[in-house]
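Asks: Below is a structure I'd like to ask you about.
Derivation of every value follows stated rules applied to the coordinates shown; laboratory data play no part. Fair warning: this is a prediction, and the values are worked out from it, not measured in the lab. Using ideal geometry, Cβ is built from the backbone for each residue, glycine included, and neighbour counts are taken over all protein chains shown.
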Amino acid sequence: MTPAISTQNLGKTYRVGFFMRRVRGLHDLTLDVQPGEAFGLIGPNGAGKTTAIKILMGLHRSTEGAAQLFGVDVGVPASRQRVGFLPERPYFYAHLTAREVLHFYGQLFGMPKALRHQRVEMLIERVALTRFADVTLAKYSKGMLQRVGLCQALLHDPDLIVLDEPMSGLDPLGRALVRDLILEQRAAGKTVFFSSHILSDVEAICDRVAILVGGELRECGLIADVVADRENLEAVLLGEMAAVTDESALGVL
Amino acid sequence: MIRKLWALAHNTFREAVRDRILYSILFFAVGVIALSLVTQEITVGDRDKVVRSVGLGAVAAFGSIMSMFLGISLVWGEVEKKTVYTILSKPISRWMFVLGKYLGMMMTLSVVVAIMGLVYTVLLSAQQTFPPAIVYVSMGLLMVELMLLTSWATLFSTYSAPTTAAGFTLAVFVIGHLADDIWLYGSQLESPAARAIARALYWVLPNFEMFNIRAQAVHEMAIPWPVVVGGLGYGLMYSAGVLCCAMWVFERRDLK
């Protein structure tokens, strides 16, 4: 079966500053995520999680290796046709209403008008935004914007949902809503790939996890196998972070 | 593809028309056009022509200001505000994104110039007579000029911050209006190398005077159609070339 996500030796080196100093954001990432799987990408700040996701979503160009979504190279826009993406802290057009912005995104997926209308109304109701659907997004709170973000990610009923820190900065109610939506998608047989700092959520939702530290893949597998004889996922992550001590492994070449 | 382009263009237009800054500039522009009526009180000679000239000049000046003001943050603004993340993560090519934004901006500028043209027509009709057809041909060529100016602003906005892009676009605008002078002074130079450089600059840089028939419009002079068609062809082809550069630059950018 073609993996939903596949990367081979994927890497990204940035050029920063006046002297174009090379900084490694991601190195030699090889992993496959199978259809129907819930996969968590965890690691500390600067581990390369967002870099990996941005490469998969066509927002960054990789400098090493290759990646495919459902067998299609991530450099091809059509690779994202079956993908819904929620960025960390989603930003939208402040002058538009939730309903308008969702219709706009639906048009970008080429959804027919009737289907778009049906999905927009269903999702707005699902995330409890019906009362505010015609209010401009400039007046929305962070949690409400995150809910709009989820709606646009699920709008075209994608087979793969990629979420970058979906629970970050949400109140307990918002976190519960996001968690329920992810579990719903997982139960519906969708592939869910997400990065998170909140390890309890990862343990509750994911089948498999990958641990990134300093831009490198340290561990990957079923949660039970990764945790093995250690206390929990947090203990594993802290152990991996402690193991990476030299400066080069933290990302500076 | 056309539907996606339309969605991007329509969204850009909708965002622009809901921005209060646009209305502030438009309000000011309409005020200046209206004030052109006052100029007849302080002028000697053909007062009607002065009014027509000041009014047309105001339409051109404010059209150019809006083109630069809105164009310099067209792509950069989307990257800075991170709204681009939820668009380019859809099955949308980067070239399509740049083209869609540009078309949306041109829709906005068309509406703005149409409103200014309407105000100009109403005021002129009330004070003098209905403006001759050549006035509207000159406004059409102004739109071609704005098309070219906006394409430059779009190119700069794909890689530089609005302040830098504003400087570059303003430089292109000024040089573009001095293109004929570059040719004239260049041809008077003694050094063959300097002459060659001046000619190369003339051919590479845009010539905005190709679209300027406002003096003829004010004096109701006939304009040969080849001049209009030539200006239109030049503007379309040059704008397409600059837009292709903008797409090429944006295609290679990492979105932070």
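Asks: Show me, for the range B:154-160, the HN-Hα J-couplings you get by feeding each phi into the Karplus relation (A = 6.51, B = -1.76, C = 1.60, θ = phi - 60°), rounded to Hz, glycine and proline as x.
Replies: 5, 4, 5, 6, 6, 9, 10
Asks: Once Lys and Arg get +1 and Asp and Glu get -1 on their Cβ, which of B:Y85, B:L35, B:V51 lies farthest toward the positive end of the dipole of the range B:15-167?
Replies: Of the options given, the answer is B:Y85.
Asks: By its C-alpha gyration tensor, with a ≥ b ≥ c as the square roots of the eigenvalues, how is chain B shaped: rounded for a/c under 1.5, else prolate for a/b larger than b/c, else oblate?
Replies: Since a/c reaches 1.5 but b/c is at least a/b, the shape of chain B is classed as oblate.
Asks: Strictly over 18 Å apart at the Cα level, which of A:K113/B:K82; B:K101/B:K256; A:K139/B:K90; B:K81/B:K101; A:K139/B:K81; B:K4/B:K90 would you flag in this model?
Replies: A:K113/B:K82; B:K101/B:K256; A:K139/B:K90
Asks: Still on this structure, please answer the following. Arranged by the count of other C-beta atoms within 10 angstrom, fewest first, what order do B:C245, A:C206 take?
Replies: Taking fewest neighbouring Cβ atoms as first place, the list is B:C245, A:C206.
Asks: Next question, about the same structure. When the helix-only estimate is applied to chain B (DSSP H runs of n ≥ 4, each -39,500 (n - 2.57), divided by the residue count), what is the mean residue ellipticity at 222 nm, nearest 500 deg cm²/dmol?
Replies: My calculation for chain B gives -25500 deg cm²/dmol from helical runs alone.
Asks: Counting DSSP beta bridges with both partners in chain A, what percentage is antiparallel, nearest 5?
Replies: Percent antiparallel among DSSP bridges in chain A is about 55.
Asks: I've got another one for you. Just to be sure I understand the model, the point goes 7 Å from the Cα along the line to the Cβ. What's the resulting A:A128 to B:L35 distance in nm?
Replies: In this crude spin-label approximation the distance works out to 5.5 nm.
Asks: Ok, one more. With angles folded into 0 to 90 degrees, how steeply does helix B:162-177 sit against the dominant principal axis of chain B? Use alpha carbons for both and round to 10.
Replies: Taking Cα atoms only, the helix is inclined about 40 degrees.
Asks: If you don't mind, there's one more thing I want to ask. Modelling each spin label as a point 7 Å along the Cα-to-Cβ direction, I'd like the B:L184/A:N45 distance in nm, to one decimal.
Replies: 6.1
Asks: Counting only other residues whose beta carbon sits under 10 Å from that of B:Y202, what net charge do I get with K and R as +1, D and E as -1?
Replies: Charge balance near B:Y202 sits at -1.
Asks: As an exercise, use a Förster radius of 45 Å and the Cβ-Cβ distance of A:R15 and B:L236 to find the FRET efficiency, rounded to the nearest 0.05.
Replies: Once the sixth-power term is evaluated, E becomes 0.75.
Asks: If you don't mind, there's one more thing I want to ask. Using a Förster distance of 56 Å, how high is the FRET efficiency between B:V229 and A:R22, based on the Cβ-Cβ distance and rounded to 0.05?
Replies: Using R0 = 56 Å, I get an efficiency of 0.60.
Asks: At 222 nm, what value in deg cm²/dmol follows for chain A if DSSP H runs of at least 4 each add -39500 (n - 2.57) and the sum is divided by all its residues, to the nearest 500?
Replies: So the helix-based figure for chain A works out to -10000 deg cm²/dmol.
Asks: Where does each of A:E240, B:E190 land when they are ranked from fewest to most other beta-carbon atoms within 10 angstrom?
Replies: B:E190, A:E240
Asks: Looking at chain A, do any whole DSSP H helices span at least 20 angstrom along their long axis by alpha carbon and average -0.5 or above on Kyte-Doolittle, and which?
Replies: Membrane-span-like by this rule: A:172-187.
Asks: Same structure again: How much length is gained if the chain between B:I115 and B:T163 is pulled fully straight, taking 0.36 nm per residue apart and subtracting their Cα-Cα distance, in nm to one decimal?
Replies: 14.5 nm
Asks: Next question, about the same structure. Which aspartates and glutamates have a Cα less than 12 Å from the Cα of A:K190, not counting those fewer than 8 places away in the same chain?
Replies: A:E37, A:D157, A:D159
Asks: How far apart, in nanometres, would the label points at A:A224 and B:I175 be if each is projected 7 angstrom from Cα along the Cα-to-Cβ direction?
Replies: Simple spin-label model gives 6.9 nm for this pair.
Asks: Using the Cα centre as the reference, give the magnitude of the dipole from point charges on the C-beta atoms of the range B:2-251 (Lys, Arg: +1; Asp, Glu: -1; all else neutral), rounded to the nearest 20 debye.
Replies: My answer is approximately 840 debye.
Asks: On to the next question. Starting with the fewest neighbours, write out B:T108, B:T121 ranked by other beta-carbon atoms found within 10 Å of each beta-carbon.
Replies: Least to most surrounded, the residues fall as B:T121, B:T108.
Asks: Could I ask something else about it? Distance from the Cα centre of the range B:1-70 to that of the range B:173-219, in angstrom?
Replies: The distance from the Cα centre of the range B:1-70 to that of the range B:173-219 comes to 26 Å.
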